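Just below is one structure, and these are the notes that go with it.
The values are calculated or read from the model by the stated rules, or taken from the named source; none is laboratory data. Keep in mind that this is a model prediction, so the values were computed, not measured. FYI the Cβ positions are ideal-geometry reconstructions off the backbone, even for glycines, and counts take in every protein chain you see.
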Number of protein chains: 2
Amino acid sequence: MANIAKKVSWSSRAEESGVAGERTPLFNGSEQPRLSRQLSGGGSVFQIGRLSTVDLEEEITSDEDSQRGRPKEIPHNEKLLSLKYESLDYDNIENQLFLEEERRMSYMGFRCLEISRWVVCGLIGFLTGLIACFIDIAVEELAGIKYQVVKQNIEKFTEVGGLSISLILWAVLNSSIVMLGAIIVAFFEPIAAGSGIPQIKCYLNGVKIPRVVRLKTLVVKVCGVICSVVGGLAVGKEGPMIHSGAVVAAGVSQGRSTSLKRDFKIFEYFRRDTEKRDFVSAGAAAGVSAAFGAPVGGVLFALEEGASFWNQMLTWRIFFASMISTFTLNFFLSIYHKNPGDLSNPGLINFGRFESDSVAYNLYEIPLFIMMGAIGKNSFMCLEICLSLYVHRPCLQVMEAMLVAAVTATVSFTMIYFSNDCQPLGPEHTEEYPLQLFCADGEYNSMATAFFNTPERSVRSLFHNQPGTYNPLTLGLFTLTYFFLACWTYGLAVSAGVFIPSLLIGAAWGRLFGILLASITSSGSVSIWADPGKYALIGAAAQLGGIVRMTLSLTVIMVEATGNVTYGLPIMLVLMTAKIVGDYFVEGLYDIHIKLQSVPFLHLEAPATSHWLTAREVMGSPVTCLNRIEKVGTIVDILSNTSTNHNGFPVVVQVTGSDEPAKLCGLILRSQLIVLLKHKVFVELARSRLTQRKLQLKDFRDAYPRFPPIQSIHVSQDERECMMDLTEFMNATPYTVPQETSLPRVFKLFRALGLRHLVVVDDENRVVGLVTRKDLARYHLGKHGLEELQVAQT
Amino acid sequence: MANIAKKVSWSSRAEESGVAGERTPLFNGSEQPRLSRQLSGGGSVFQIGRLSTVDLEEEITSDEDSQRGRPKEIPHNEKLLSLKYESLDYDNIENQLFLEEERRMSYMGFRCLEISRWVVCGLIGFLTGLIACFIDIAVEELAGIKYQVVKQNIEKFTEVGGLSISLILWAVLNSSIVMLGAIIVAFFEPIAAGSGIPQIKCYLNGVKIPRVVRLKTLVVKVCGVICSVVGGLAVGKEGPMIHSGAVVAAGVSQGRSTSLKRDFKIFEYFRRDTEKRDFVSAGAAAGVSAAFGAPVGGVLFALEEGASFWNQMLTWRIFFASMISTFTLNFFLSIYHKNPGDLSNPGLINFGRFESDSVAYNLYEIPLFIMMGAIGKNSFMCLEICLSLYVHRPCLQVMEAMLVAAVTATVSFTMIYFSNDCQPLGPEHTEEYPLQLFCADGEYNSMATAFFNTPERSVRSLFHNQPGTYNPLTLGLFTLTYFFLACWTYGLAVSAGVFIPSLLIGAAWGRLFGILLASITSSGSVSIWADPGKYALIGAAAQLGGIVRMTLSLTVIMVEATGNVTYGLPIMLVLMTAKIVGDYFVEGLYDIHIKLQSVPFLHLEAPATSHWLTAREVMGSPVTCLNRIEKVGTIVDILSNTSTNHNGFPVVVQVTGSDEPAKLCGLILRSQLIVLLKHKVFVELARSRLTQRKLQLKDFRDAYPRFPPIQSIHVSQDERECMMDLTEFMNATPYTVPQETSLPRVFKLFRALGLRHLVVVDDENRVVGLVTRKDLARYHLGKHGLEELQVAQT
């Protein structure tokens, strides 16, 4: 937590708007009690003003930093709200240019657009499936080689002694592979660490996380996840697929790559936040679909995370992308597995077939299942968060990752070594690398099954192996060890998912639970209790549900991965219980992450007890407004003002020759003004002729999404005296609310329409304030009722 | 179509607003080209004015009519938009009373509310499950008795001759049972006819369909559906479950029954449209869940139909209701089937277990599946719609239903009689009533299997019977006959669903297709083509998908009902194809129904080419406004004006002593004004003291949802001179848009927030118009671009 002190301006450009008093002489007429705002709102104008030179300096450093792909450290504090995150425009900017384009477009034009949306979704699904396929085959091949080498070595040394050499071999192999993965993540693209799911959640929510959907991130992510899994860390390759799918979507839908500097001149219509978001949600769904072979689950995931912008046509496109994705993966894997054309086993992880006749459940098992759900681990959370905090320098991160890899290998080896749980090697055994070790011939070490395997296989063997394959002690030890390893691993700077470790831990304790249950009730008629695989499944669901807290989508994902609907009901019950119990103690893992990063995340509804707040108290005020025809110099000055750095400006019109206050007539964004300045769209009043260049929507689209900073645009002194006519470019019909509107109402409008700026007007239609994402995200329901987060500049 | 002429005012009270020029001297300042409005908008004021006495008279008659539960005939014309439908308020009316209540409520209060929402959802699920259980057991028992009687009779007469007596017995039995069902529907509650799914879709969309969620409707629906199914009509009992669930939800959540005049004084907070809608969507989901044993499918159904108001907490509650519903049904059915505690077979219809090993599919089958999807029947639609139109008098409706029942029995009997498709009676046969007829001993007539069975069983036997059970001729004949019977049946005034007949027809032709395929390819290695059950399943999916056009939810429902995820992908492909091909020709069945009833249904997005329309062209204008402190007489006059019958009135404030135009300051509803009038909330200015009674939110809730008509409220001449202060009761922060807002933008705001009235203001915040549901629903995309529907008074 030591880095909170150093929270000055990672990029101060991001402060959405709201504070500054240069132009409009309006004041905040609030007479009602206000929550104290320590760093935000009108009160902080001067404070920020004083810091402005520092800010500028810092910004230059931070820009350099981000060029090296390494942001300033992020304050890990859930009581802060960072201003460094910009918002996305999920509401179309309906200016004249846009409307003209839409009006020019014929019915056939719209049909073509619709068809190209489907094409893009198909492409997204296809590419995501290919990536999943690539990851799977790479992991399978590389891990195969590794296990083969280690197995031969172990077998060689089991007889002659000197197993410590095997241990060293194993540890070194693991460490070096993990090192590779950690280096690319830590040095090239730190955003690729972890599963990427919290980042995608934020993106869909409307928060711009820098570099999250770039090509480089994708490459690093894919290579990183292969290294992590092959390196034997307690991680899965499923979570990162969601991020990968999202990046693919963001790339494909734009018809160009800014990183590769290639523009294919297609899909130009989709170059805006609204359209891009739709495709990104399709990409995320395709990722889930590829990871778990769960297309419906994927759609539901996209729904749960991006619920506010839902729409039937979009649903179907997302569904299509998911289908194509799982289909592609399935098809190529079936070729790889020398069984071309068999499409019955989709997904990166497959739970194997649960034959329902053998493992039916009964009414009296339901309470047991619910009980298991209630064990939704909370301890996991706390641990992993503490651990994830402490190393932030890239070198140290790489070293830490290597250490964890070596420790994992060592612990595994020790466990296997000291285990004497020998099982007969049946004809139908599912282990690919059975280790004999000190067991008799025709037997294998069952602890090794759990450790000496990719986690996916371990999960499957926990679900399906015959009763009696594992003894309780083995399982207990395995659960504990793996739990601690997983926690430690979670905080590393490697690309990796948390799904598989959670499933594995859950399956292990679930199976243990099942075995114990069977042994307790072994006196009577026990056929129904006898199968521990069932309990392994329920345990896995409970553990995963307790950690990620998705109910509906997770149920569907689990059911689709199981391939059997019979377990739907108990899985649902377990997930519901896990969620309810879990929520009582602590939020879900992804939500905690989002909070720790101080992201201004908007939940679906305003906090329950916020009805006594109104727009007047919430809004930022006074607002920097622009005139409809404004002096270029003024615009440049406003945009260059690093102390405010607004992103949206209400446009007002002054009635000439009257001293009435100006009325709201539109809203314009910083990015639009920058494009206008760049193209020198000026009216030179002095020569009394209109030289305003005609701009097209295309000019705005070409600059999207990486608009240049204002510092890079040179405006001469002559040009500063010109005027700029904003009429054509501003959104002439911004949404407005009166000052008395209650917070829940403002929130609903803001969230349902995906707004970025909401203008607050008085009853004469004059601008009195501006509500942005940060103004709303600031309020949250704490233990003692409504709380207000502090706003930090970083 | 003959009844379009008779479309005068079924209830003219419903015209939402928009037209009248009594009070505000504003005019519609539109200068841009307008679409012609033949019966709507400002141009129709006088026309309606002239009809006003007729209207009043008609209204009284129609009131009588509706008391007898029989509305005037509905114009069946898809080019009209009826004004008889009122809208629901899916946006909270945030007046001072409401805000005060919310502000008084503590955090614990909100927690309790949340818990009671869960309790209500649990109750909804439980009751819906019970109803499903009741229907299932009743049908099973009664149909069992019927088939037993007929079977014995047939067996008796097969040997001695005189099977015509059996035919008559069968026909008479069917007719009399169906008569019962048709009588209650036609005479007591015509709204209970059909599946009720279009009505629920409309309700969730925000259109108030009279009497759709009343207790009486539920009772009639349940009895009606039992009679229809037992009477041997080609119908299913699944569709009506959705309606039943919705009625249960609307009842339970209100904590009282207006029909039974009982008020339990609980859940009073939920007595408003917003909350009620959430519960109704949970009820519909619970219905789907009970019908198909598909809880996730249920949630998705509610999502697809009510997508605009989505929210995670709500999703989870809906999911909970669905779970409880399927669980309850499952539990009680397991007791009924003497297998208590076995919960592995949920749902009214169960497709039986598809063992995936035996019926895996392969890549080269995919094109075949897609081809099958493309056969999504459109002919079905056209037929049924023509047929559903022609009889509207209750007596005739009953006679028609009896006729269809008799014909069904006769046709079935003839088919069985002339069929010589004998199959050996294996040890594992699934038919409960195998008919031997003229077959050899130990054999049974396979045509009889298809006809002499509840449709659910027939579907199952088509899916699962061994290859060779049916011969192609039998299947072909069956498909054709059943198809025509189903079409004819669809138009009857009985409670019945279309799911099962569609599935049955689809399964029949699918199986036929499979058999033909097997016989074509029988030369080579044909093991994979050999199982026709697979094709039956795909055929069923294609047929159903082509008719109802739900993609995502239907996929999940089919997968959940199949109990096997393996078929997920082909089912999806088939449903997608069916939808795409189907949409090219004609809309889905439910949408056609909605259109035929001229319901102002709002789709998810504005028509694509509507960008050139703005709020100015769309809005109703001039608007009847009220002053903040208004004379009672004026209010009564406005409310009593049958020629306008507005439901929402902008409240304006006039600056005293100035001649500036009045500014918008709020919005008030007819229902609120009526409650105010009823409670005599007047200020007697003459005596210069405030006698305005303090009203509570409770008074409004007690009157909800059946507000008395204005005619029933007596206001004396003295009282007419009093004033009424609306400040406390009006929604002080109505959503507004400027006149230049484009239609898509207005549409998005309206739809996303579930609005009923949207005030259009000029840049001085003066009211210039009002947009309501009908103003938006009027525009739709026809074959030749944007079209405008005519607005009809009926």
Would you confirm whether any residue within region B:738-747 is surrounded by 19 or more Cβ atoms within 10 Å (Cβ to Cβ), away from chain A (no Cβ under 11 Å) and not in a loop (DSSP other than H, G, I, E, B)? yes
If we scan region B:267-277, do we find a residue that is in contact with a Lys or Arg (Cβ under 6 Å, 6 or more places away or on another chain), surrounded by 20 or more Cβ atoms within 10 Å (Cβ to Cβ) and either under 28 Å from B:Asp136 (Cβ atoms) or modelled with pLDDT under 85 (or both)? no
Residue check, B:Ile177 buried (at least 18 other Cβ atoms within 10 Å of the Cβ) and more than 18 Å from B:Ala448 (Cα to Cα): yes
So which pairs qualify, if the first residue must be in region B:706-717 and of a type in the set (D, E, K, R), the second must be surrounded by 13 or more Cβ atoms within 10 Å (Cβ to Cβ) and at pLDDT below 90, the Cβ gap must be under 9 Å, and the two must be at least 6 apart or on different chains? B:Arg706/B:Thr258
Between A:Ala536, A:Ala561, A:Ala530, which is farther than 23 Å from B:Phe351 by Cβ and either in a helix (DSSP H, G or I) or modelled with pLDDT of 80 or more (or both)? A:Ala536
Could you pull out the residue among B:His337, B:His243 that is free of Cβ contacts under 8 Å to residues at least 60 places away in the same chain, within 14 Å of another protein chain (Cβ to nearest Cβ) and not β-branched (Val, Ile, Thr)? B:His337
Is it the case that B:Thr315 is of a type in the set (Ser, Thr, Tyr), more than 23 Å from A:Lys579 (Cβ to Cβ) and in a helix (DSSP H, G or I)? no
If I filter region A:84-96 for residues that are over 30 Å from A:Gln790 (Cβ atoms), assigned to a helix (DSSP H, G or I) and within 12 Å of chain B (Cβ to nearest Cβ), do I get at least one hit? yes
How many residues does region B:729-752 contain that are free of Cβ contacts under 8 Å to residues at least 40 places away in the same chain and either among the acidic types (Asp, Glu) or at positive phi (or both)? 0
Kindly indicate which of A:Phe478, A:Phe463, A:Phe484, A:Phe499 is at negative phi and surrounded by fewer than 22 Cβ atoms within 10 Å (Cβ to Cβ). A:Phe484
Checking A:Phe729 against (1) in contact with an Asp or Glu (Cβ under 9 Å, 6 or more places away or on another chain); (2) away from chain B (no Cβ under 14 Å); (3) crowded, with 23+ Cβ neighbours inside 10 Å, which test does it fail? (1)
Might you let me know whether region B:781-791 holds any residue that is buried (at least 23 other Cβ atoms within 10 Å of the Cβ), part of a loop (DSSP other than H, G, I, E, B) and either away from every other protein chain (no Cβ under 12 Å) or modelled with pLDDT of 85 or more (or both)? yes
Of all residues in region B:574-584 being within 11 Å of chain A (Cβ to nearest Cβ) and surrounded by fewer than 23 Cβ atoms within 10 Å (Cβ to Cβ), the one that is farthest from A:Ile324 (Cα to Cα): B:Asp583
Against the condition on the phi > 0 side of the Ramachandran plot, in contact (Cβ under 8 Å) with a residue 12 or more places away in the chain and either of a type in the set (S, T, N, Q) or surrounded by 19 or more Cβ atoms within 10 Å (Cβ to Cβ) (or both), how does A:Ser621 come out, does it pass? no
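Residues are listed down the side, and each one gets a yes or a no for (1) modelled with pLDDT under 85; (2) assigned to a loop (DSSP other than H, G, I, E, B):
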site: A:Ala541; (1), (2): no, no
site: A:Tyr567; (1), (2): yes, no
site: A:Pro570; (1), (2): yes, no
site: A:Tyr584; (1), (2): yes, no
site: A:Asp591; (1), (2): yes, no
site: A:Pro600; (1), (2): no, yes
site: A:Pro607; (1), (2): no, yes
site: A:His611; (1), (2): no, yes
site: A:Thr624; (1), (2): no, yes
Hits in region B:267-308 - residues which are within 9 Å of chain A (Cβ to nearest Cβ) and part of a loop (DSSP other than H, G, I, E, B): B:Gly293, B:Ala294, B:Ala307, B:Ser308
Residue hits (region B:748-768; part of a helix (DSSP H, G or I) and more than 8 Å from every other protein chain (Cβ to nearest Cβ)) are B:Phe750, B:Arg751
